[in-house]
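Asks: Sharing a structure below in C-alpha cells format, with a few things to ask.
The values are calculated or read from the model by the stated rules, or taken from the named source; none is laboratory data. A quick note: this is a predicted structure, and the numbers were derived from the prediction, not measured. Protein only, heavy atoms only, side chains kept; ligands, DNA and RNA dropped before computing areas. Shrake-Rupley method; radii C 1.70, N 1.55, O 1.52, S 1.80 Å.
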Amino acid sequence: MIRDLIKKNHSYRRFDSSVKIEPSAIEKWIELARFSPSARNLQPLKFAFSTDESINKLILPHLGWAGYLKDWSGPEEGERPVAYIAVLQDKSLTENVHCDDGIAVQSILLGAVEDGFGGCIIGTVNKSKVAKIFKLPGTLEILWIIALGKPLEKVVIETTTGNEIKYWRDKEDVHHVPKRPLDELIFKKV
Ligand SMILES: Cc1cc2nc3c(=O)[nH]c(=O)nc-3n(C[C@H](O)[C@H](O)[C@H](O)COP(=O)(O)O)c2cc1C
C-alpha cells in the first residue's frame, strides 16, 4: 500500500479546478504531519492554508512553476490549484527544523493522494508577499508552499541513463520524470 501511494505521489501541477477541497480534508492531512517524526520532538512547524478562491488568486503569482519547462509559466484558468498549504517554521521555537519539514510535507501529500487528490511542493516562493497574504507574524517563516487539487495531468516515471534529470512534457502533455536507477543510488552493499 505505502509503495503504491508513494509511486502515485507525483508532483502534479495541473488540476481540475472545479473539484474543491474541504478545509476538513486539509486539516486531516496536516494531522498526518502532527503524527510524523520531529527532531528533539520540538515540533516547530506550523501551517497556514487557504481553500478560498479569492485568496488563492492572490497567492498564485508569487509561485514559481516547473523551472525546466521554459515554455510553460504555470497552470492556466481551470487548471489551477484549489488549495495551498504554507509550511511554516516557528522561529520562536527553533532556528533549525532539521528535516522535519520534508517529512511533514511528504506525510501531507501522501494523505492527499490517498484521498484522490495530489499536489506539488513549491520552493520558489516570494515569501514576503505570501506571508502578507496570510497575515503571518514575524516569528513564522514560510518554508514551502504545497499546491493542491484534483490532478489533471498524466505523469510517467522513467529511468534515466547518464545525467539527464530534467523533466519534460511531450506533445500529448504527458509529463515525464527521469529518475536515476536504483543501482546508482545504492553506493555499497556489504
Ligand atoms: C524541496 C522541493 C522544492 C520544489 N520546488 C518546486 C518549485 O518551486 N516549483 C515546482 O514546480 N516544483 C517544485 N518541486 C517539485 C520537483 O520539481 C519534483 O519533485 C521533481 O521534478 C520530481 O518529480 P516528482 O515529484 O513527480 O517525482 C520541488 C520539490 C521539492 C522536493
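Asks: What does the accessible area per residue of segment 52-190 come to in Å², with a 1.4 Å probe and no ligands, DNA or RNA counted?
Replies: 57
Asks: I'd like to know how segment 54-96 sits against the 2.2 N^0.38 Å rule of thumb: what's its Cα Rg over that expected value?
Replies: 1.56
Asks: Let me ask you something else. Using only helices, what value at 222 nm comes out for the chain when you add -39,500 (n - 2.57) per DSSP H run of length 4 or more and divide by the total residues, to the nearest 500 deg cm²/dmol?
Replies: -7500 deg cm²/dmol
Asks: In segment 20-129, carbon and sulfur make up what percent of the accessible area (probe 1.4 Å)?
Replies: Roughly 50 percent, rounded to a whole number.
Asks: Per the Debye formula with a single identical scatterer at each Cα and no solvent contribution, what log10 I(q)/I(0) holds for segment 137-186 at q = 0.19, 0.27 Å⁻¹?
Replies: For segment 137-186, the Cα-only Debye profile gives -0.79, -1.02.
Asks: Moving on. So for segment 78-157, Kirkwood radius off the Cα pairs, Stokes-Einstein at 4 °C and 1.567 mPa s: how many µm² s⁻¹?
Replies: Once the numbers are plugged in, D ends up at 94 µm²/s.
Asks: Here's another thing I want to ask about it. With a 1.4 Å probe and all protein chains kept in place, how much accessible area does THR124 have, in Å² rounded to the nearest 10?
Replies: So the heavy atoms of THR124 present about 90 Å² to solvent.
Asks: Follow-up. Ignoring ligands and nucleic acids, what accessible area does GLU79 show with a 1.4 Å probe (Å², nearest 10)?
Replies: 50
Asks: Hey, in the GNM for the chain with a 10 angstrom Cα cutoff, which one of ARG14, ARG80, ARG34 fluctuates hardest?
Replies: Among ARG14, ARG80, ARG34, the largest GNM mean-square fluctuation belongs to ARG34.
Asks: In Å and on Cα atoms, what radius of gyration and Dmax does the chain show?
Replies: Every Cα atom of the chain included, Rg and Dmax give 17.1, 56 Å.
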